[in-house]
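Here the structure is laid out as structure tokens; the discussion comes afterwards.
The values are calculated or read from the model by the stated rules, or taken from the named source; none is laboratory data. None of these values were measured; they are calculated from a predicted model. Methodologically, a virtual Cβ is constructed for each residue, glycine included, from the backbone with ideal geometry; neighbour enumeration extends over all protein chains shown.
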Amino acid sequence: MNTFQGYRRAQGLPGTRNVVAVIPSVFCANTVARRIAEQVDGAMAFCHPVGCSQVGLDLELTARGLKGLGRHPNFYGVVVVGLGCERLQARELAEGIAASGKPVEMLVIQEEGDTLQAIAKGVAFACRLVEEASRQTREAFPLSELSLGLKCGGTDATSGIAANPALGWVTDRICEAGGRAIFTEVTELIGAEQILAGRAVNPKVAGQILSTIGNIEKRLSAATTGAEMQHRSALISPGNQDGGLTSVVEKALGGIYKAGTGSISGCLGYGEYPAGPGLYLLDCVGHDGEAVTGLVASGCQEVVFTTGRGTPTGFPGVPVIKITGNRATYDRMRFNLDFNAGGIVEGRPIAEVGAELLEKVLRIGSGEPSRAELLGHDELFCITRI
Amino acid sequence: MAKALKINTRDNVGVLLEGIRSGETVDVMTGEGVMQLEARQEIPFGHKIALANLSADQPIIKYGEEIGRARTAILAGDWIHLHNLYCRRGHEDRGEQDKR
């Protein structure tokens with residue numbers, strides 16, 4: 001039976017976790033936010049380096065990212081912490097998050113007096129929200145209530161043969177059931193744009209896919225031009241190369257297997273939630289932290305992260321499920337990895353491994369901790385900049 | 001015997017499913033059967049072996065699509081990697097520099 005046990009929310013999809021987020025509107029409030037979360041079991045701080053001295057799209061992306069994060073269904077409620085004089089005002093952030101119908105509290109350090117008074121007020125807010133959250137219990141939800149984030153990192157040659165096809169099988173089942181799946185990492189889609197545009201539901205979406213990938217390629221071309229930057233011009237990593245990948249196009253063609261075979265319903269901007277069911281392309285770069293943060297800020301309740309080389313990273317409050325198609329990596333990094341898709345390399349059918357992966361996704365969605373959660377990995381929160 | 005995988009029928013490279021030494025014979029699973037090939041160099045796990053002779057600038061095909069072009073002439077059984085494959089995507093302005 002394809003269901004998972006989640007937490008019902010006032011609006012939108014259910015949560016797969018039920019925690020309280022403490023989000024600073026500006027980096028100046030990081031220490032206060034961190035100390036509030038440290039004192040309250042069930043609260044998590046989201047410290048970041050942005051929120052002031054930014055202009056235009058750069059500041060707007062910060063605002064969209066933090067609002068999208070705060071709206072995320074895994075957070076029962078949110079405490080927003082501001083300093084007072086920052087460009088991204090705490091009130092704007094708190095109102096943007098409260099539009100999702102969840103409880104939001106706000107405090108501003110310069111209004112509270114000092115660090116000690118701000119922490120005391122924030123701890124009281126967070127305690128009350130955690131108490132309220134604890135009264136909720138999990139309920140069964142069908143696949144149509146799941147929004148799955150698709151990500152790869154530390155890619156090697158097995159990613160395109162095993163881990164990504166297994167994840168693609170899961171993506172197809174979720175989308176067929178009326179759920180959502182989101183892929184991104186546009187810097188690593190170069191060379192796959194015609195295939196993806198051919199899968200768009202209509203010519204408008206096809207055009208958006210081509211322009212999203214085309215814009216990133218122009219940025220990369222500009223950044224890698226010039227003799228003085230030739231030693232910084234590689235589009236794939238030394239680990240990708242050691243793992244058998246030679247070009248960014250080869251990486252892209254193996255990477256898109258995780259997006260399955262179905263049609264692409266639309267393109268999402270950073271911090272934008274899908275308007276309905278289907279498969280979506282999120283406009284964000286391939287950096288593991290920026291991409292996973294983007295997937296979370298678009299509402300993915302779980303992220304499946306394929307890795308050939310192996311990576312330990314995680315995101316606070318949102319499960320990041322690590323799967324590898326490389327048996328040697330699975331044996332070496334056993335406790336960092338949730339799932340071994342390496343059987344496909346040895347001849348197991350993709351559907352058989354995919355069905356096991358879907359089961360794992362539903363179990364973790366129902367509360368089983370991912371390895372990254374068990375080990376306390378939280379490196380992937382990273383607001384994108386331009 | 002070492003195995004390799006030809007992912008798409010259009011491909012002119014195979015992916016090694018285990019590392020092999022120079023001169024070793026590899027069974028390439030093509031989806032239509034098995035083709036045998038002798039590796040001309042040592043090739044690590046996951047890396048690519050040329051399934052046919054390729055001339056310079058000829059497209060190198062994996063997943064049924066062009067992943068780059070041959071930097072030099074390549075012989076069947078050669079290891080294909082950064083030394084003999086170039087790809088200009090994301091480096092459009094560099095033009096000919098990529099071939100160096």
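Results, tabulated for the structure shown:
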{"quantity": "Options A:ALA140, A:ALA124, A:ALA120, A:ALA162; residue that is not aromatic (Phe, Trp, Tyr) and not in a helix (DSSP H, G or I)", "calculated": "A:ALA140"}
{"quantity": "Residue under evaluation A:PRO238, criteria (1) touching a Ser or Thr at 6+ places or on another chain (Cβ under 6 Å); (2) free of Cβ contacts under 8 Å to residues at least 24 places away in the same chain, criterion not met", "calculated": "(1)"}
{"quantity": "Positions within segment A:163-197 being over 20 Å from the mean Cα position of the chain (by Cα), more than 11 Å from chain B (Cβ to nearest Cβ) and under 26 Å from A:ILE386 (Cβ atoms), in sequence order", "calculated": "A:LEU196, A:ALA197"}
{"quantity": "Every residue from segment A:328-346 that is at pLDDT 95 or above and of a type outside the set (A, V, I, L, M, F, W, C)", "calculated": "A:THR329, A:TYR330, A:ASP331, A:ARG332, A:ARG334, A:ASN336, A:ASP338, A:ASN340, A:GLY342, A:GLY343"}
{"quantity": "Single residue of A:THR171, A:THR261, A:THR187, A:THR224 found to be among the β-branched types (Val, Ile, Thr), touching a helix residue (DSSP H, G or I) at 6+ places or on another chain (Cβ under 8 Å) and at pLDDT below 95", "calculated": "A:THR224"}
{"quantity": "Matching helices (runs of 4 or more DSSP H) fully within segment A:207-302 where at least 1 residues are crowded, with 20+ Cβ neighbours inside 10 Å and more than 14 Å from chain B (Cβ to nearest Cβ)", "calculated": "A:288-297"}
{"quantity": "Every residue from segment B:68-90 that is without any contact (Cβ under 8 Å) to a residue 24 or more places away in the chain and outside any loop (DSSP other than H, G, I, E, B)", "calculated": "B:GLY68, B:ARG69, B:ALA70, B:TYR86"}
{"quantity": "Within segment B:62-80, tally of residues that are crowded, with 18+ Cβ neighbours inside 10 Å and either within 14 Å of chain A (Cβ to nearest Cβ) or of a type in the set (Asp, Glu) (or both)", "calculated": "13"}
{"quantity": "B:ASN84 under 11 Å from the mean Cα position of the chain (by Cα), of a type in the set (S, T, N, Q), over 17 Å from A:GLU346 (Cα atoms) and within 11 Å of chain A (Cβ to nearest Cβ)", "calculated": "yes"}
{"quantity": "In segment A:362-372, the residues that are of a type outside the set (Gly, Ala, Ser), crowded, with 21+ Cβ neighbours inside 10 Å and under 11 Å from A:VAL318 (Cα atoms)", "calculated": "A:ILE364"}
{"quantity": "Residue that is under 30 Å from A:GLY42 (Cβ atoms), touching a residue at least 24 places away in the same chain (Cβ under 8 Å) and in the same structural domain as A:LEU295 (by TED's automatic domain parsing), where the choices are A:GLY149, A:GLY154, A:GLY178, A:GLY160", "calculated": "A:GLY149"}
{"quantity": "Scan of segment A:303-314 for residues that are surrounded by 22 or more Cβ atoms within 10 Å (Cβ to Cβ) and touching a Leu at 6+ places or on another chain (Cβ under 7 Å), ordered by number", "calculated": "A:VAL303, A:VAL304, A:THR306, A:GLY314"}
